[in-house]
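Each reported figure results from applying straightforward, stated rules to the coordinates on display, with no laboratory input. A quick note: this is a predicted structure, and the numbers were derived from the prediction, not measured. Ideal geometry is used to build each Cβ from the backbone, glycine not excepted, and the neighbour counts take in all protein chains shown.
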């Protein structure tokens with residue numbers, strides 16, 4: 001039995017065309033429609049698959065996009081990955097996933113990202129994304145930040161209008177009569193989450209009669225549970241709690257119930273993202289919905305433009321989101 005993989009030469013021989021014609025078909029070049037049909041049929045008969053590595057050396061394009069993401073335990077990110085996969089596929093690219101797990105040491109991340117023949121990089125990691133973006137720019141690799149912010153406005157990016165969203169949540173809770181409010185914040189490296197916490201705090205402090213306390217939830221199960229427990233305990237406990245991500249808000253809901261407080265009756269709890277599971281009966285989490293499909297489409301368009309050699313304005317495009325009211329804040 002012959003286990004030799006068919007080559008482009010085999011396809012050319014069966015189709016009665018030149019080897020260069022086969023190469024042009026798979027590189028997106030010009031051939032006549034009649035020759036293209038013969039080549040495609042010959043490839044089907046021979047079960048031929050082009051060598052993507054060799055093709056990338058010829059075209060100087062790999063059609064691979066790297067996606068750097070902190071992790072997949074936050075349910076917001078699997079949905080983002082799925083939407084990015086679809087959008088990139090529709091644009092003619094394949095996605096290579098790099099899970100960073102919030103590593104503080106940038107060298108392994110950069111070595112992985114820049115060690116591949118990637119046409120571009122999307123940074124959806126919350127940890128040091130801006131610094132990685134700067135390194136990509138200096139290496140000449142097209143890059144876009146997604147759901148995070150470059151404080152120097154050097155790396156093109158797209159995110160929700162975090163400030164407007166957090167301000168809207170704060171005003172909603174203040175209008176509902178809450179005067180003792182709390183924030184479960186994230187890590188300093190996540191500038192998007194820091195924007196949310198700062199904007200919420202600014203509105204509460206400007207009220208004059210309301211107070212706000214903040215505890216860091218570290219974007220983790222244990223951290224969010226501990227932070228919420230502190231804010232919801234004692235004689236001066238908060239009556240309304242804003243968590244800068246839905247992921248941490250889920251554990252705040254658990255902390256409240258463990259303290260005998262029913263979300264939506266004894267305490268108002270808000271998240272931010274509108275994770276796919278936020279509407280589940282077990283959570284019914286009030287939140288701020290990020291326009292994720294629009295964010296993903298915008299990020300892919302921005303990256304594709306860079307790959308084509310178009311110059312993009314520096315800085316972050318901020319898209320409007322929407323407050324979503326559910327039972328966890330129904331009494332507010």
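By the gyration tensor of its Cα atoms, with a ≥ b ≥ c the square roots of the eigenvalues, what is the shape of the chain: rounded for a/c under 1.5, prolate for a/b over b/c, or oblate? Verdict is prolate for the chain. When 77, 26 are arranged by Cβ crowding within 10 Å, least crowded first, meaning fewest neighbours, the order is 26, 77.
For residue 314 and residue 72, the difference between the fully extended length at 0.36 nm per residue and the C-alpha to C-alpha distance is 84.3 nm.
What's the extension gain from residue 91 to residue 280 if we count 0.36 nm per residue and subtract their Cα-Cα distance? All intermediate terms of the calculation are to be shown ahead of the outcome.
Working: separation 189, 0.36 × 189 = 68.04 nm, distance 3.31 nm.
Additional length available on full extension: 64.7 nm.
Look at 101, 128 and count the other Cβ atoms within 10 Å of each Cβ; fewest to most, that gives 101, 128.
For the chain, the longest principal axis of the Cα atoms and the long axis of helix 129-138 meet at an angle of about 30 degrees.
Only helices enter this figure: runs of n ≥ 4 DSSP H residues, each worth -39500 (n - 2.57), summed and divided by the residues of the chain, yield -13500 deg cm²/dmol at 222 nm to the nearest 500. The ranking of 312, 325, 67, 174 from fewest to most other beta carbons within 10 Å of each one's beta carbon is 325, 312, 174, 67. Centre-to-centre separation between the Cα atoms of the stretch 291-332 and those of the stretch 194-230: 24 Å. The shape of the stretch 170-273 comes out oblate: with a ≥ b ≥ c from the C-alpha gyration tensor, a/c is at least 1.5 while a/b does not beat b/c.
Taking the C-alpha atoms only, the angle from helix 76-90 to the longest principal axis of the chain is near 30 degrees. What is the spin-label model distance, in nm, from residue 179 to residue 257 if the labels are put 7 Å beyond Cα along the C-beta direction? Spacing of the two 7 Å Cα→Cβ label points: 3.1 nm. Cα centroids of the stretch 241-273 and the stretch 126-183: 22 Å apart. Shown is the FRET efficiency for residue 5 and residue 139, computed with R0 = 45 Å from the Cβ-Cβ distance and rounded to the nearest 0.05: 0.85. When you restrict to C-alpha pairs under 8 Å that are six or more residues apart and normalise by the size of the chain, the relative contact order lands at 15 percent. With everything on Cα atoms, drop me the angle between helix 246-258 and the longest principal axis of the chain, reported from 0 to 90° to the nearest 10. Long axis of 246-258 versus the principal axis of the chain: about 40 degrees.
Please figure out what share of the DSSP beta bridges in the chain is antiparallel and state it in percent, rounded to the nearest 5. Roughly 10 percent of the beta bridges in the chain run antiparallel, per DSSP. Given the stretch 201-332 reduced to its alpha-carbon atoms as identical point scatterers, what log10 I(q)/I(0) does the Debye formula return at q = 0.12, 0.22 Å⁻¹? Result of the Debye calculation: -0.55, -1.28.
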